[in-house]
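Novice: First the structure, then my questions, so here it is.
What follows is calculated from the coordinates using simple rules that are stated; it is not laboratory data. Predicted model, so just to flag it, every value in this text is computed and none were measured. FYI the Cβ positions are ideal-geometry reconstructions off the backbone, even for glycines, and counts take in every protein chain you see.
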Amino acid sequence: MSAMPYLVGLRLAGRRVVVVGGGVVAQRRLPSLLSAEADVVVVSPDVTPAVEGMARSGELVWERRRYRPGDLDGAWYAMALTDDPAVNEAVLAEAARARVFCVRADDAPRGSAVTPASGEQDGVRIGVVTWGAGDERDPRRAAAVRDGVIEALREGRLDSVPRRGTAEGEGALPGVALVGGGPGDPDLITVRGRRLLAHADVVVVDRLAPRALLEELRPDVIVVDATKLPRGRAMQQEAITAALLEHATAGRFVVRLKGGDPFVFGRGSEELTELVAAGIPVTVVPGVTSAVAVPGLAGIPLTHRGLAHEAVIVSGHVGPDDDRSLVDWGALARLTGTLVILMGVDSLPKIAHELVAGGRAPGTPVGIVIDGTMPTERVVVATLADVAEIAEREGVRPPAVVVVGEVVGLRPSLLPAERAE
Ligand SMILES: C[S@@+](CC[C@H](N)C(=O)[O-])C[C@H]1O[C@@H](n2cnc3c(N)ncnc32)[C@H](O)[C@@H]1O
């Protein structure tokens, strides 16, 4: 059994690191060395295309030849990563003579250094090594621990910043995070969004944000319901902004959790403007917008080679006959590609009529995805000519994403038969 390795962080910026071997093992090790800004020299007659790409872009130097004694001159660190044990042995021997620590890929315990299973999350880098006769040869154990820690950091189950106490104002993360929560499925929020949510003192949440995530909040987190029901009760935008300012000014870390992406018909920019004007620090976290993800997951891609070379996202919250509409429906009618309409359920008959009147073929397929990514998801397919009647008959209601264009016809070929019905 070998002795316990001593863990250390090497500052390699500007220091020569020699990697002997250019195969897939090297390909996996090199990105960390490059992130550490080491002066990397790869010695190998052949390298993988990815390693060649790194050499071509000037990230490292590739010596296209076999290893020869003296290659470690001036090196601070070395790696013997060839698939030839004799070459690795020779590199290790030279490294020992030169007092350069050296990793050996084919027989890790014999190297004078060992590469930890490492990972990084938000400025925290962790390294895990195992040792002992069996375990040292089984990198899966260290990798499993690394994966568990990184995942816990990402999801906020493990803190990399001290969590504030329950008393207000104590070392809080500052300001507001404007977080796009994705279309509804809690798995479709970004890693950063989820982590910030786990640190929130206050969550101001929209109706279409992933509400299942609220269950994971600590019991002391204040939840402000910023629901705006279509044609129903609604928290006024001014009141939402006032709540954000009030809590942030009191030193609480506020997550403004929105559906989809904050800047796609999400009024995120209005809230951001107010917060910036008030001098509140804001972190913006983009989200997976329903405009793309809801049709995509329902088997309707927005573009397809040879079929749709454009996709336009419009709001239908005011219809074509409404003076407040900023949409040029005549121009949209002349599109050959894909039109995605959010908040368009009420205006759908008028929109369909306007598109046909403006020149779009009446037979153009229309796909309506209701409650996308949720267990209640439903898809209704029609054409511009009959969508008003079919939507009425099928009881289409918000939230729904409406897609107009030939891409809707791809659905049966993109989904298993039972889902495409
Ligand atoms: C105020 S907009 C917000 C859009 C959001 N910022 C985004 O990027 O997805 C609300 C509209 O988005 C669409 N929408 C959002 N989530 C949806 C979902 N899960 N299923 C269907 N439509 C959805 C509907 O058209 C709904 O009326």
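Novice: So what's the angle, to the nearest 10 degrees on a 0 to 90 scale, between helix 237-249 and the longest Cα principal axis of the chain?
Specialist: The angle comes out at about 30 degrees.
Novice: Taking the number of other C-beta atoms within 10 Å as the exposure measure, put Val285, Val145, Val129 in order starting with the fewest.
Specialist: Neighbour counts put them in this order, fewest first: Val145, Val129, Val285.
Novice: Taking the number of other C-beta atoms within 10 Å as the exposure measure, put Thr383, Thr364 in order starting with the fewest.
Specialist: Ranking Thr383, Thr364 by Cβ neighbours within 10 Å, fewest first, gives Thr383, Thr364.
Novice: To continue, here is another question. Quick check: the distance between the Cα centres of the stretch 88-160 and the stretch 325-349, to the nearest angstrom?
Specialist: The stretch 88-160 and the stretch 325-349 have Cα centres separated by 55 Å.
Novice: Val224's amide H: which non-local residues (gap 5+, or another chain) put their own amide H closer than 5 Å, with H modeled 1.01 Å from N in plane and none for Pro or chain starts?
Specialist: It is Val203, Val204, Val205, by chain and number.
Novice: Residue by residue through the stretch 187-197, which ³J(HN,Hα) values in whole Hz follow from phi under the Karplus form 6.51 cos²θ - 1.76 cosθ + 1.60 (θ = phi - 60°), with glycine and proline marked x?
Specialist: So the Karplus estimates, Gly and Pro as x, are 6, 9, 7, 6, 4, 5, x, 5, 5, 5, 4 Hz.
Novice: So, R0 is 35 Å and r is the distance between the beta-carbons of Arg56 and Ser118; what FRET efficiency does that work out to, to 0.05?
Specialist: Numbers: r = 26 Å, r/R0 = 0.75.
For Arg56 and Ser118, the calculated efficiency is 0.85.
Novice: Antiparallel DSSP bridges in the stretch 271-405: what percent, to the nearest 5? Mind showing how you got there, number by number?
Specialist: Numbers: 16 of 21 bridges.
Of all bridge pairs located within the stretch 271-405, approximately 75 percent are antiparallel.
Novice: Calculate how many DSSP beta bridges within the stretch 158-310 are antiparallel, expressed in % of all such bridges and rounded to the nearest 5.
Specialist: Of those bridges, close to 15 percent are antiparallel.
Novice: First select every other residue whose beta carbon is under 14 angstrom from the beta carbon of Val387; then total the charges, Lys and Arg +1, Asp and Glu -1.
Specialist: Charge balance near Val387 sits at -3.
Novice: Kirkwood hydrodynamic radius, the chain, all distinct C-alpha pairs: what's the number in Å?
Specialist: Result for the chain stands at 25.7 Å.
Novice: Sort 323-335, 391-403 by packing, meaning the average of other beta carbons within 10 Å per residue, with the highest value first.
Specialist: Averaged packing, sorted descending, gives the order 391-403, 323-335.
Novice: Hey, another quick one. On a C-alpha basis, how far is the centre of the stretch 206-262 from the centre of the stretch 366-398 in Å? Whole number, if you could?
Specialist: 28 Å
Novice: Relative contact order for the stretch 1-88: what is it in percent, counting Cα pairs under 8 Å that are at least 6 residues apart?
Specialist: 36 percent
Novice: On to the next question. Long-range amide H contacts for Thr364: which residues qualify at under 5 Å (H placed 1.01 Å from N, peptide plane, sequence gap of 5 or more or a different chain)?
Specialist: Under 5 Å from the amide H of Thr364: Leu384, Ala385.
Novice: Share of antiparallel DSSP beta bridges in the chain, in percent to the nearest 5?
Specialist: Counting DSSP beta bridges with both partners in the chain, the antiparallel share is about 35 percent.
Novice: Let me have the relative contact order for the chain, percent, based on Cα pairs under 8 Å that are six or more residues apart.
Specialist: Once divided by the residue count of the chain, the mean separation gives 10 percent.
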